[in-house]
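Undergrad: One structure follows; several queries about it will come next.
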Amino acid sequence: MLLYAEDVTHKKQLSLIPDSNTVANIKKMGQLDVFTVLREMKIETFTYVDFGHYIHPYEMQIRCYATFQTQFPASILHIETPSLFSLFPRSFDNERCCMAQTLFESVAHMDPVFMNDIYCGKLYAVMCREMLCCCDLRAYNASTSCYRGLCLGKLEGSRVMFRLIDFGCIVTVGFSFVRQLPVEFESMMALSIDCKLDGLGVSTDDGKWTDGTINYVKNALRDKLFNAIVKQQYFAESDFGFLLPFMSVVLKSDDDSLEINSNLVEKGFASILLNNSRLVSVSKHAA
């Protein structure tokens, strides 16, 4: 079960909110690379034993993006609808790759988890030979890496469906590619960020995004570099203690030629939301 709240517990609230010294340093050094500022303030040793502490600056970075509402370079990972897609701050991509490799090294010697011991809603270490997300971005080869996977369901043929929480995509693998996740990796926040486009609502009467709208968004975001501006932020905590971030964002292309939020309204694919009420879209898309 996932419970969304601005902060899940008082302890996590205190540990993740930037203190006054952090905010002052970021303002002094600039906001273009918040993670660099945080890492310079707190150098961590990179071993899987204390990897959770190494990831902590990333959690702080996500908080700072929301605090300052400054844009950051983002890679779009997986798209379901304008109300649900995954992205990742490009400045942290090396750490994500290192995490996958480190996880592989820690589970390579383990035996597979039996099918009867795999439970929905629990995290596992998942090995798969190749990942291809909905934006046609090819991820890392699993011969040298492994991924944290949230079990979504068990299928016929001894196959299991997982959501790879650090990469934002969904994969199906045989149970022989599933390992128990070491405890060091269980409580770390998901590195991919679930998002929705801020201020937009469905323009159709049935309240569902049309296939045309979804395909338009996928084509608009594919093979392009975007900057994300965080407008609202939430966190979900699973029963197993790990955090899943969720953000409401505005996406702008690197060259500022396209803001996808306003573009969808102009094309008639979406309506503007104001105080949770739907307004009439600027133009109607000819269907």
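Undergrad: Any residue at all in the stretch 194-204 that's surrounded by fewer than 22 Cβ atoms within 10 Å (Cβ to Cβ), touching a Lys or Arg at 6+ places or on another chain (Cβ under 7 Å) and not small (Gly, Ala, Ser)?
TA: yes
Undergrad: Oh, and also: Of the residues 226, 235, which is surrounded by 20 or more Cβ atoms within 10 Å (Cβ to Cβ), modelled with pLDDT under 85 and among the hydrophobic types (A, V, I, L, M, F, W, C)?
TA: 235
Undergrad: Has the stretch 152-165 got any residue that is more than 29 Å from residue 263 (Cα to Cα), aromatic (Phe, Trp, Tyr), modelled with pLDDT of 85 or more and out of contact with any helix residue (DSSP H, G or I) (no Cβ under 7 Å at 6 or more places or on another chain)?
TA: Yes, because at least one residue in the stretch 152-165 is more than 29 Å from residue 263 (Cα to Cα), aromatic (Phe, Trp, Tyr), modelled with pLDDT of 85 or more and out of contact with any helix residue (DSSP H, G or I) (no Cβ under 7 Å at 6 or more places or on another chain).
Undergrad: To continue, here is another question. Would you please name the residue that is nearest to residue 254 (Cα to Cα), looking only at residues in the stretch 190-207 that are at pLDDT below 90 and not in a strand (DSSP E or B)?
TA: In this case the residue turns out to be 192.
Undergrad: What tally of residues in the stretch 91-140 results from selecting those that are assigned to a helix (DSSP H, G or I), modelled with pLDDT under 75 and aliphatic (A, V, I, L, M)?
TA: Selection size over the stretch 91-140: 0.
Undergrad: Can I ask one more? Go through (1) modelled with pLDDT of 85 or more; (2) crowded, with 16+ Cβ neighbours inside 10 Å; (3) not polar (S, T, N, Q) and name the single condition residue 243 misses.
TA: (1)
The values are calculated or read from the model by the stated rules, or taken from the named source; none is laboratory data. Note that the structure is predicted; figures quoted are calculated from it, not measured. Reconstructed Cβ throughout: ideal geometry from the backbone, glycine too, with neighbour counts over all protein chains shown.
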